[in-house]
Amino acid sequence: MEDAAAAAAPAKETFRKSALGQTMLVGTIFLFVFSAYFMMQGYAALLFGPALASASLVTLYGVFAAACFVAPGIVNRHGGKRSLALGVVGYGMFSSAALAYSSFGEPAWARVLVIAAGGANGVGAALLWTAQGRVLLDCAARDPDYDVGRLFAVFWALFNLSAVFGGFVTFFYFSNTSSSGNAPLYLVFTVLIATGGAGCLLLEEDAPDVTNKDAAAARPVAEAKATLALFFNKKALLLLPLFWYTGYNQPYQLDGFGDRFFRERVVGLELAVFYGAEVLGGFVAGRALDAKGPIRNRALKVLAQFAVVTVLGNLIAGRLEYAAGAAPQPAGFQGVEWLAPTAAFAFWGFSDSQVQTYVYWLIGALYPRDAEARCRLVGFYKLVQSIGWCVGFALLPRARCAFFTQLVLTAASFVVGTSLALRVLPGDEGDGAAPLLDADAETA
């Protein structure tokens, strides 16, 4: 009898299958993939040259934006695990194309290959980030011991450690070589991405059981229409400028500002500062959002923290841009010239994690019980964010837009986005149970 009772009892969930375990697995996958990608993006102008860097990244984020229309349907149909793995493949294609470009002496055909691979990376990015959002928010929804803010802080820490790790790798690499002939570096990047992809095998299978083939075939179209419909939802439109800012800000901050105010050798360490601040900011925001007290007050507290730190970073950068003009003298670690731009980097990294954590937490509050709706809003968020990235990189060359003007436009996006986000706050019920964006929500 005891044996029968033991057999009937549910098996204890292993740590790997728990909400925290699955979140840490996703974070570790991103740690490997983005250890490569962040450095490719952060050093794009140095590794590819300004023209090819701009063309490949504009293509990447333009395709990313377009693919976000269909990514929620694919993720809802095939599950987070399979979609995440397919997304990693796109990143591997971009790294492999860069490896070919460097290995064969930067021929013209390889330039075309890099741009095309940027498009493949864009498709992969839409799948990767939409799947990540679904997996993380589903983990928080099914496990009462973990809130979105806490889980996202864990993921965000692992994710941004990738840039800290990659920053040290590139710092030591460029300490012994120049920014040309970088085939060994691209090979390391490609291996890191492949290792991250292998980690997808450890994720729990979450693909839905769809027996009606006709319904399954029609679903991506319906999902794309549902994502498009968010552009006509009043509250989604109020959040759109904030979503835009989370993508538009970093092309200037990391490439326009960082590549000009720091010497090539120390850019990697400065990126480690930026993303180290991201790790800290994610935990600070997660702790504040999951604290006890009225949910509306928690939201306002994090938005206030985000605003103060962002303003500090922008003021420092504005002073430096005004004083230095179009061609500042890049700083090394001699003297004290590096302190001010490093402080701007730290403030921007901290503020970025504040707003990113807030957005995911808010999505969980808007759709507390609807996994597919959460996935669609993540897709909408990533769509708008990627358009911001695309426009930011398109304006990046100085010939298209002066760097001081880029800073002003970034600051204006921040002000508009934060102001309008104050009109879409969870209520004071204390648990965010009432969805703010549903089928009957007010349209614009």
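The values are calculated or read from the model by the stated rules, or taken from the named source; none is laboratory data. Since the structure is predicted, the reported quantities are computational estimates derived from the model, not experimental observations. FYI the Cβ positions are ideal-geometry reconstructions off the backbone, even for glycines, and counts take in every protein chain you see. These area figures cover heavy atoms from the full protein model, side chains too; ligands, DNA and RNA do not enter into them. Shrake-Rupley method; radii C 1.70, N 1.55, O 1.52, S 1.80 Å.
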Average Cα contact separation per residue, the stretch 78-136, under 8 Å, 6 or more apart, as relative contact order %:
56
Quick one: 3J(HN,Hα) in Hz for the stretch 23-36, Karplus 6.51/-1.76/1.60 with θ = phi - 60°, rounded, Gly and Pro as x.
5, 5, 5, 4, x, 5, 4, 5, 4, 6, 5, 8, 4, 7
Long-range amide H contacts for F262: which residues qualify at under 5 Å (H placed 1.01 Å from N, peptide plane, sequence gap of 5 or more or a different chain)?
A331
Could you give each residue of the stretch 77-83 its phi-based ³J(HN,Hα) in whole Hz, using Karplus coefficients 6.51, -1.76, 1.60 with θ = phi - 60°, and x for Gly or Pro?
7, 9, x, x, 4, 5, 5
Taking the Cα centre of the stretch 320-404 as origin, work out the dipole magnitude from +1 charges on Lys and Arg Cβ and -1 charges on Asp and Glu Cβ, in debye rounded to 20.
280
Under 5 Å, built H, 5+ apart or other chain: amide partners of N233
A444
Tell me, what HN-Hα J-couplings in whole Hz come from the Karplus equation 6.51 cos²θ - 1.76 cosθ + 1.60 at θ = phi - 60° for each residue of the stretch 292-302, using x for Gly and Pro?
6, x, x, 5, 5, 5, 5, 4, 5, 4, 5
Approximate spin-label separation K234-L20, in nm, with each point projected 7 Å along Cα-to-Cβ
4.2
Distance cut-off 28 Å, Cα to Cα: go down the list K81/K382; K225/K292; K81/K235; K17/K234 and report the pairs above it.
K225/K292; K81/K235; K17/K234
Estimated distance in nm for a label pair at A108 and K225, the labels positioned 7 Å out from Cα along Cα-to-Cβ:
4.6
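So, for the stretch 260-385, what is the accessible surface per residue at a probe of 1.4 Å, expressed in square angstrom?
For the stretch 260-385, the per-residue accessible area is 37 Å².
In debye to the nearest 20, how big a dipole does the stretch 10-156 give about its Cα centre with +1 on each Lys and Arg Cβ and -1 on each Asp and Glu Cβ?
Taking the Cα centre of the stretch 10-156 as origin, the dipole is about 320 debye.
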